[in-house]
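> So that we are looking at the same thing, I have put the structure below in C-alpha cells.
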C-alpha cells in the first residue's frame with residue numbers, strides 16, 4: 001500500500017516535471033539566446049555576454065516602442081475596466097429586457113479571428129478618415145479586450161448577493177454610498193483581475209496592432225518584424241525582458257490581492 | 001439548559017377605549033405582477049409597540065407584503081401610511097423602518113463592528129461615537145465586546161443573528177421587520193433566539209413585524225398573528241384567538257393537526273356526519289350559519305375513548321390502527337369507516353388495550369369548531 005502510494009507519487013512528480021520542462025524549456029532557450037555574444041540564433045550558446053541586453057536598454061528605437069506599448073496598455077486598461085465594470089453589472093447583476101441578447105453579442109468579438117478583426121477595423125478607420133497610429137491601435141485593442149474584461153468581472157458579480165445592496169439601502173444609504181461602501185469593495189478582486197487581464201492582453205497583442213498601429217510600432221510588432229527580416233539578439237533579449245516585466249506585474253497584482261484579503265480577514 | 005420562562009400572554013394587542021394611532025396602516029393594499037395578484041386588498045392597522053407576526057405557507061404573499069412595508073416594492077393599489085403620512089412611494093432608505101433579511105445580508109467584507117456601525121456611518125456620525133454605540137449594542141445582544149474587530153463571516157449562525165439585530169437597532173428604526181431570520185437555524189438555537197427576540201421587543205418597546213411560515217414560531221413570540229393565504233389576510237387575532245377560534249378550515253389546519261369531519265344538514269334539520277360509514281347524528285355548537293354543509297374541526301386533544309355512546313355529546317365507532325409517542329402525550333390513529341381520526345391523550349391516561357380493537361371515540365359539542373366546508 002505504502003509502496004504503491006510512493007510509486008504513484010513518483011510518477012506524478014515525473015510527469016509534472018516533464019510538462020513544466022516542455023513549457024519552460026523554449027522560453028529558457030529564448031532567454032539564453034539573448035545572452036549570447038554571437039549575432040545569430042544558435043545552440044549551444046558558445047560564449048555568454050550581456051552586450052545585447054545593454055544594447056537593447058540603450059536603444060532609442062526600443063525605448064519608443066516600449067513606450068508605445070505601455071501607453072496603449074495603460075489607456076486600454078483604464079478605459080476597459082471602467083466600461084467592463086458597468087458592463088459586467090448589466091451582464092450579471094440586473095434583469096433587463098435584451099439582457100440575453102447583450103450577453104451573446106458581447107461574446108462575439110472574442111470568437112472573431114483577430115487578424116480579420118484587425119483588417120476590418122483598419123478598413124473602418126480608413127473610411128472614417130483616421131490615420132492609423134498608436135491611438136487607433138488602442139481603440140482596436142478595446143474592441144477585443146473590453147468583452148474579455150467584462151466576462152472576468154462578471155464572474156465576480158455573479159457571486160455578489162444583491163440583497164446586500166437592498167440591506168444597505170434599507171439602513172439609509174444612498175446609491176453612491178452603497179457603490180462606494182458595499183458594491184465596489186466586494187467586487188475589488190474581480191476588478192483587479194480584470195485590470196491585469198486588460199494590461200497583459202494589450203501588452204502582448206500582435207494581430208490587432210499589426211493592422212491598426214500604422215507607422216507606430218509596439219513590442220510584439222517590432223519582435224515580429226525583426227524575426228522576419230534583420231534578426232538581432234535584441235529580439236530574444238527584449239522578449240525576455242517583456243516576459244519578466246509581465247511576471248512582475250502579475251506578482252505585484254497577486255501581492256496586492258493578498259494584502260486586500262488579509263486586511264479583510266483581520 | 002437555563003430556565004424556560006413561560007410568559008403570560010399579554011393582551012397589548014387589543015386596543016380598547018382610547019384608540020391609539022396605528023403606527024402603520026394599510027388600506028386596500030394590493031400588489032400585482034402582470035396578471036398575478038401576489039397581495040389582494042389588505043386592510044390592517046399595526047399598533048405602536050406590538051409584536052405582529054404574519055404567517056402563511058410559501059407563495060401566500062407574505063414576503064411581498066413585507067417588501068411593500070419596507071419600501072422595496074410599491075403597492076399597485078391602496079395606501080400605506082406611517083403615523084398618518086402616506087409612504088407608498090417613499091424608498092427604503094428614506095423610511096424609519098428596518099428589515100432583518102432571511103439571509104441576514106451581513107456585509108462580508110466588514111467586521112462585526114463595521115457592520116453594526118454601518119447605519120451610523122451613513123448618518124455621518126463621528127467614529128468614536130459610532131464605536132461607543134456599537135459596543136453598547138454588542139452588550140445589549142449578549143455578544144462579547146472583543147467581537148468588535150472580528151470578521152463577521154467567522155461568526156456562528158446565532159452570533160450572526162445577533163450582529164444583524166444589532167445593526168438594525170443601530171439604525172434606530174420606528175418599526176423593525178423580520179423576514180424569517182431564524183429559519184436556517186437548528187431547532188434548539190431557534191427556541192432560544194425566539195425568546196430572546198421577544199425579550200428584546202419588551203426591552204426596546206419598538207414595533208416588530210415578523211414574517212414566518214411556522215405558526216409555532218408565531219405563537220411563541222407574537223402579540224397578534226395574521227394568517228395569510230393566496231394573497232389574502234384570512235384572520236388577524238391574538239395567538240389564543242387563532243388557536244381556539246380559527247376563522248376557517250385553512251387556519252384551523254394551519255394551526256396544527258386537527259380532525260375535520262364534514263357534516264350535512266338532513267331534511268329533518270339535524271346535522272349528520274357526511275363521511276365515515278353509517279350516518280351519525282351530530283350534536284354541534286349552536287352558533288351555526290344557515291349553511292347546509294359544514295366542516296367540524298376537533299383537535300386531537302379533545303377526542304377521547306368512551307365506554308358507551310352517552311358518555312360524550314358525540315360518539316363514533318372505530319378501530320385503533322396505530323399509536324405514536326409524542327413524549328408526554330400519546331397519539332392514536334383511529335379508523336372510523338374510511339376516515340382517520342387522531343386522538344391525543346396524556347401518557348398517564350393512555351389506552352391500555354391492544355391495537356386493532358374496536359373503540360368508541362367521543363367528543364363534546366363545546367370542543368368543536370364549526371367552519372364553512
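> Would you point out the residue of segment B:96-108, among those that are closer than 14 Å to residue B:160 by Cα and crowded, with 19+ Cβ neighbours inside 10 Å, that is nearest to the other protein chains (Cβ to nearest Cβ)? Walk me through how you get there before you give the answer.
Of all residues in segment B:96-108, those closer than 14 Å to residue B:160 by Cα come to B:100-108.
Narrowing the set further to residues that are crowded, with 19+ Cβ neighbours inside 10 Å leaves B:100-101, B:104-107.
On the way: B:100: 9, B:101: 6, B:104: 8, B:105: 4, B:106: 8, B:107: 6 Å.
Top of the filtered list is B:105.
Results for (1) more than 28 Å from the chain's Cα centre (by Cα); (2) surrounded by fewer than 19 Cβ atoms within 10 Å (Cβ to Cβ); (3) within 14 Å of another protein chain (Cβ to nearest Cβ); (4) farther than 21 Å from residue B:99 by Cβ, shown as yes or no for each residue.
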residue	(1), (2), (3), (4)
B:129	yes, yes, no, yes
B:132	yes, yes, no, yes
B:135	yes, yes, no, yes
B:151	yes, yes, yes, yes
B:164	no, no, yes, no
B:167	no, no, yes, no
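> Would you mind telling me which numbered condition in (1) farther than 24 Å from residue A:206 by Cβ; (2) surrounded by fewer than 16 Cβ atoms within 10 Å (Cβ to Cβ); (3) touching a helix residue (DSSP H, G or I) at 6+ places or on another chain (Cβ under 9 Å) residue A:88 fails?
That leaves (2) as the condition not met.
> In segment A:56-68, is there at least one residue being assigned to a loop (DSSP other than H, G, I, E, B) and within 15 Å of residue A:243 (Cβ to Cβ)? Explain how you work it out, then say what you get.
Here is the first cut: in segment A:56-68, the residues assigned to a loop (DSSP other than H, G, I, E, B) are A:59.
Now restrict to residues that are within 15 Å of residue A:243 (Cβ to Cβ): none.
No, that holds for no residue.
> Same structure, new question: Would you confirm, using the coordinates I've provided, whether residue B:371 is touching a strand residue (DSSP E or B) at 6+ places or on another chain (Cβ under 7 Å), at pLDDT below 85 and part of a strand (DSSP E or B)? Walk me through it before giving the result.
Numbers: touching a strand residue (DSSP E or B) at 6+ places or on another chain (Cβ under 7 Å): yes; at pLDDT below 85: yes; part of a strand (DSSP E or B): yes.
In short, yes.
> Looking only at helices (runs of 4 or more DSSP H) that lie completely in segment A:148-213, which have at least 3 residues being crowded, with 23+ Cβ neighbours inside 10 Å and either touching a residue at least 40 places away in the same chain (Cβ under 8 Å) or away from every other protein chain (no Cβ under 11 Å) (or both)? Give the steps one after another, and end with the answer.
Numbers: elements: A:163-170, A:175-178, A:184-203, A:207-212.
Answer list for segment A:148-213: A:184-203, A:207-212.
> Right, residue B:355: more than 24 Å from residue B:248 (Cα to Cα), touching a strand residue (DSSP E or B) at 6+ places or on another chain (Cβ under 7 Å) and modelled with pLDDT of 85 or more or not?
Values: more than 24 Å from residue B:248 (Cα to Cα): yes; touching a strand residue (DSSP E or B) at 6+ places or on another chain (Cβ under 7 Å): yes; modelled with pLDDT of 85 or more: no.
Criteria not met by residue B:355.
> With respect to the numbered conditions (1) farther than 17 Å from residue A:235 by Cβ; (2) out of contact with any helix residue (DSSP H, G or I) (no Cβ under 7 Å at 6 or more places or on another chain), which one is the sole condition not fulfilled by residue A:40?
(1)
> Would you confirm, using the coordinates I've provided, whether residue B:125 is at pLDDT below 95, surrounded by 15 or more Cβ atoms within 10 Å (Cβ to Cβ) and away from chain A (no Cβ under 14 Å)? Walk me through it before giving the result.
On the way: at pLDDT below 95: yes; surrounded by 15 or more Cβ atoms within 10 Å (Cβ to Cβ): yes; away from chain A (no Cβ under 14 Å): no.
No: the conditions fail for residue B:125.
> Could you list, in sequence order, the residues of segment A:218-250 that are in a loop (DSSP other than H, G, I, E, B) and modelled with pLDDT of 90 or more? Reasoning before the result, please.
Our first condition is that a residue be in a loop (DSSP other than H, G, I, E, B); within segment A:218-250, this holds for A:218, A:229-233.
A:218, the sole residue that qualifies.
> I've got another one for you. Applying the selection to segment B:22-44, what residues are more than 20 Å from residue B:251 (Cβ to Cβ) and either out of contact with any helix residue (DSSP H, G or I) (no Cβ under 9 Å at 6 or more places or on another chain) or outside any strand (DSSP E or B) (or both)?
Across segment B:22-44, the qualifying residues are B:22, B:23, B:25, B:27, B:28, B:30, B:32, B:34, B:35, B:36, B:37.
> Name every residue in segment B:23-55 that is over 21 Å from the mean Cα position of the chain (by Cα), modelled with pLDDT of 90 or more and on the phi > 0 side of the Ramachandran plot, in order of residue number.
The answer is B:28, and nothing else.
> If you don't mind, there's one more thing I want to ask. From the list B:303, B:345, B:341, B:284, which one is touching a residue at least 12 places away in the same chain (Cβ under 8 Å), more than 20 Å from residue B:246 (Cα to Cα) and outside the structural domain of residue B:242 (by TED's automatic domain parsing)? Don't jump to the end; show me each part of the working.
Values: B:303 fails: more than 20 Å from residue B:246 (Cα to Cα); B:341 fails: more than 20 Å from residue B:246 (Cα to Cα); B:284 fails: more than 20 Å from residue B:246 (Cα to Cα).
Testing whether each residue is touching a residue at least 12 places away in the same chain (Cβ under 8 Å), more than 20 Å from residue B:246 (Cα to Cα) and outside the structural domain of residue B:242 (by TED's automatic domain parsing) leaves just B:345.
Conditions tested, residue by residue: (1) more than 10 Å from chain A (Cβ to nearest Cβ); (2) under 24 Å from residue A:169 (Cα atoms); (3) touching a residue at least 60 places away in the same chain (Cβ under 8 Å).
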position	(1), (2), (3)
B:44	yes, no, yes
B:50	yes, no, yes
B:60	yes, no, yes
B:79	yes, yes, no
B:83	yes, yes, yes
B:92	no, yes, no
B:114	no, yes, no
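The values are calculated or read from the model by the stated rules, or taken from the named source; none is laboratory data. Just so it is clear, the model here is predicted, and its values are computed rather than measured. When we count neighbours, we look across all protein chains shown, and the Cβ atoms used for this are built from the backbone with ideal geometry, even at glycine.
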